[in-house]
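Colleague: Below you'll find the structure I mean.
The values are calculated or read from the model by the stated rules, or taken from the named source; none is laboratory data. All values derive from a computational prediction rather than experimental measurement. Note that each Cβ is placed from the backbone with ideal geometry, even for glycine, and that neighbours are counted across all protein chains shown. The protein model used for the area step is the full one, side chains on, heavy atoms only, and it has no ligands, DNA or RNA in it. Shrake-Rupley method; radii C 1.70, N 1.55, O 1.52, S 1.80 Å.
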Amino acid sequence: MNNILRKQFLAHVGQTSPSPMLVEVARAEGVFFYTPEGKRYFDLISGVSVSNVGHSNPKVVEAVCNQVRDYMHIMVYGEMVERPQVQYAERICSLLPSSLNSVYFLNSGAEAVEGALKLAKRYTGRGEIVSMRRAYHGSTHGSLSIMGAPEGEYYKSAFRPLLPGVTSIEFNDFDALDAINTRTACVIMEPVQGEAGVRIPAEGYLQAVRKRCDEVGALLIFDEIQTGLGRTGEMFALHKYGVVPDIVCVAKAFGGGMPLGGFISSREIMMSLTEDPVLGHISTFGGHPVCCAAGLAALQYIVDNNLVSQVEAKGALYENLLQSHPAVREIRRSGLLMAVELGSSDRLYAIMEMFKQEGILSDWFLFCDTAFRISPPLTISEEEIRESCDVILRCLDNLK
């Protein structure tokens, strides 16, 4: 590590925690990144489900370079006809249920959530929101407001007052659905809870939420920011679990490694942002042409190489190789999004240090500090899975 660069990082780059990893990145390719000294790391979290097509994917790099040569930012979002934006919107809608046919492009997942909440309020004329406990939707004021209690209170308490009219219910609790009523503008939820430690919906639960929303006239919002673009073994988790929301939020892998987010709904619902007031939602850089070109290229790579059809087998291989180790209490998984449960935060923190030394990049979950995350690029090969598991197993062997 360059000591001068390290000091500048700590002095001038806003910090998110008192203990950053401080691993300097020189380059990245496929499922690996490398330090300036040449140390190789397995990237087993894909920038938290961002790099689904691997680092420095040639198709994405080519699309970015080509678009940069044509034009970058021209005008605030929604005014000009920009080919990458239009083509990406059409392509992503072609892979979704027919009712999800209009995309509002933004820059991040949190922005997508903010826009979706505003859209639901504007369309329904209601002011209340139902969210799920242990849900994570971003760190802006609105998304922070819907972070589910009780664990979310740690992150929320220093920033109150937050958005009023928010009720949080327990994920997979059928009896709690009575909290969704005629004052509810929307229910927002992850179809698979990510930061809760990969919690899978109970049989029939998502269908029951959909039914309750329909009964009271509330909109259903799926946050597919982590699960979208193939992560769960279907292009979207809504396909895997057979429930169509009114709005779906996307980001992370949506940009192919570039910053891009969006919320997708029907044209009828989306058009409510165009009047009373006009410009009901505004973004300067939303749908940036370079980011849209990158996202479209990444999506096309996923489709052309049938990556989604390989996800379940790759996830199952990880599970089979790791689940029999005595230190592993449980593996919770949806496709290539998995939590390896160790049952103890002390053991988790210990193995994180071992991973850092042995060349594995993993992470824990905001609301589950007893399990480590595995969500590698969808391009990871069987050989790379086996090699990374050898390293993980060696670290597990050394746990006290």
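Colleague: Would you point out the residue of the stretch 349-400, among those that are in a helix (DSSP H, G or I) and acidic (D, E), that is surrounded by the fewest Cβ atoms within 10 Å (Cβ to Cβ)?
Modeller: This residue is E383.
Colleague: A further question follows. Looking only at helices (runs of 4 or more DSSP H) that fall completely inside the stretch 194-291, which ones have 1 or more residues that are free of Cβ contacts under 8 Å to residues at least 40 places away in the same chain and open to solvent by less than 10 Å² (accessible area, probe 1.4 Å)?
Modeller: Passing ranges, in order: 205-216.
Colleague: Moving on. Can you tell me which residue within the stretch 147-172, out of those that are modelled with pLDDT of 95 or more and among the aliphatic types (A, V, I, L, M), is surrounded by the fewest Cβ atoms within 10 Å (Cβ to Cβ)?
Modeller: V166
Colleague: Further question on the same structure: It is to be established whether one or more residues within the stretch 172-182 are polar (S, T, N, Q), touching a residue at least 24 places away in the same chain (Cβ under 8 Å) and either in contact with a Phe, Trp or Tyr (Cβ under 9 Å, 6 or more places away or on another chain) or part of a helix (DSSP H, G or I) (or both).
Modeller: yes
Colleague: Name the residue, out of E319, E312, that is touching a Lys or Arg at 6+ places or on another chain (Cβ under 7 Å), under 15 Å from T232 (Cβ atoms) and open to solvent by 30 Å² or more (accessible area, probe 1.4 Å).
Modeller: Criteria check complete, one pass: E319.
Colleague: Is it fair to say V290 is closer than 30 Å to E79 by Cβ and at pLDDT 95 or above?
Modeller: Judged against the criteria, V290 is a match.
Colleague: A further question follows. Filter the stretch 110-131 for residues that are touching a helix residue (DSSP H, G or I) at 6+ places or on another chain (Cβ under 6 Å) and over 15 Å from L220 (Cα atoms) and give the result.
Modeller: Correct list: A110 only.
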